[in-house]
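Every read-out reported here was derived from the displayed coordinates using simple, explicitly stated rules and does not represent laboratory data. Keep in mind that this is a model prediction, so the values were computed, not measured. Positions of Cβ are generated from backbone atoms using ideal geometry, with glycine treated the same way; all protein chains shown enter the neighbour counts.
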Amino acid sequence: MNRDSFLVVPKMTKPFLGIVALFTILCMLNLPIILTLWRHGFDDGTYSHAYLIPFISMYLFYQLSQTGKLEFRAVPSIFSVLSLVLSCYVLFVTSNAQISIGYWVALIAVFVTSITMLYRFNWSIVFPAVFLIFIIPFWGVLVPLLQNISVAVVTYMMSFSGVPTYVEGNFVTIPAGVFEIADGCSGLRYMIVSLAIGSLFIFLNIKDSKKAILFLSITIFGALLTNWIRITALILIGEYTNMESSLMEDHNTFGWYLYVPFMVLLFYWGNKFVKFDEQHDHAHQNTNNILNPSNGISIGILIILILSSTTLKALFITSSDNMGGQIPTSKNTPDIFNYSSVSTIVSPEGTSDNTYLIFSFNNKTLDAKPTYYENNFIPEGWNTFSEEYTKDWHIFNISNGTTQAMIMVKYEIDNQVTPSSRNFKIKRLKSALIGTSDTKLHWSFIKCIKSCDAFKSVAINLLEKTALD
């Protein structure tokens, strides 16, 4: 055998290597987005399955290449080109606007449209790319709904147990103690895993759409039912062991003990839906039809991806280190993250114990924004008793014992200010259309002299005058 023959890549493998190269390039060109996924998804227990998703996706592409369904295009289609350009523009806008869900979904859309531009379109090649959606940590929006359903179902199930039960909000009180049906008890993690595994099983085995819908529905319901049984069982175990069982601490593992048998039974039942066909024989008959990609297509995709790259954009932004100042060493200061600089405005005359800070954000990282979820406007030790909007300010009326004060907040982008975080996000999205992304957060602490209500209008006017000066 010729030694050089070992260096030849099998024709069936070339399309798969193209997918790997495309996926790697796309990730490298968008490292800031990948870092946010790592920070908010992979590092969260609810999304601990995320580590497996890319490997499953790549395996599915490998199987498609082996069966001849992954074929290079000879010439691009107009629709695929327009789809790729549009998805890249959406990625550019949403990343500039720092809309997390927007740029996460847009990145997957770019991957899907890149594949359909490089390869002959069929629905089989779309699923492995869309499967990556199970990495995205946007499923948390379902938590309140699933949590309320869990409370209602567990309350109903406990009515048959004979154990005295009192439910208030998310708290279940029994003679032995109190249980909280918290976010982790919503069943979201079981539902996400079921959706991922169920959709994968359907893609590989079930061809009939009605059977596929039935199978996926039972998969979701079974996952939620498992969670409801888990919560009810834990409450009963707590009651009969006087809250001394080790399961009171390690209740998540107990849930998986219930969930795994359900999945085994589900797949056993699902195998009855499986229809075997002669895919492999058909695929091998079409092996010779696999084309080589056009260099023009590959270069075109690369150029479009580079133009929308968030990695390259970040390289041209100055460091996000707090080089422009530091928060004053005072106990009455906020917790603000990822700002590039902070300016301290001189306290206006007529105010007592006032602090006025302006934080600037330069989009070096996608979490560098005034509306970052960990930003806390209220100083430690103070409690909010009311909120209101006056002129351009969002005012938090706070108290610490008998002392009252006001926290005044507003957002700025492109010299436009708004007190509403919702309106600010809309302005941020509009500004992103033309590439503007630098933002500011105005934050002020004002200790009230006598009555806050009587002092409010004076304080606002003084702050506005100070900012202009």
Notebook entry, point to check: Using r as the Cβ-Cβ distance of L433 and K14, and R0 as 41 Å, what FRET efficiency do you calculate, to the nearest 0.05?
Noted result: 0.55
Next item on the list: Would you please give the residues with an amide H less than 5 Å from that of C448, counting only those at least 5 places away or on a separate chain, with H modeled from the backbone geometry?
Entry: Q404, A405, M406
Checklist line | Net lengthening on full extension, V141/L86 (0.36 nm per residue, minus Cα-Cα) | finding: 17.1 nm
Check: Can you list the residues of the stretch 398-418 with backbone N under 18 Å from a point 7 Å past the Cα of Y389, pointing along Cα to Cβ?
Finding: 407-413, 416-418
Margin query: Between I426 and V126, how high is the FRET efficiency from 1/(1 + (r/R0)^6) when r is the Cβ-Cβ distance and R₀ = 41 Å? Nearest 0.05.
Written below: 0.85
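To the nearest 0.05, how large is the calculated FRET efficiency for S245 and T155 if R₀ is 25 Å and r is the Cβ-Cβ distance?
Details: r = 22 Å, r/R0 = 0.87.
According to the calculation, E is roughly 0.70.
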Next item on the list: Classify the stretch 21-153 as rounded, prolate or oblate, taking a ≥ b ≥ c as the square roots of the eigenvalues of its Cα gyration tensor: rounded when a/c is under 1.5, otherwise prolate if a/b is larger than b/c and oblate if not.
Entry: prolate
Next item on the list: Report relative contact order for the stretch 141-273 in percent, whole number only (criteria: Cα-Cα under 8 Å, sequence separation at least 6).
Entry: 24
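Pairs K14/K430; K364/K410; K331/K410; K69/K272; K69/K369; K14/K272: which are spaced more than 32 Å apart, C-alpha to C-alpha? Working shown, then result.
Details: K14/K430 42 Å; K364/K410 21 Å; K331/K410 21 Å; K69/K272 25 Å; K69/K369 43 Å; K14/K272 35 Å.
As for pairs spanning more than 32 Å Cα to Cα, those are K14/K430; K69/K369; K14/K272.
Starting from 0.36 nm per residue, how many nanometres of slack lie between F267 and I306 once their C-alpha separation is accounted for?
9.8 nm
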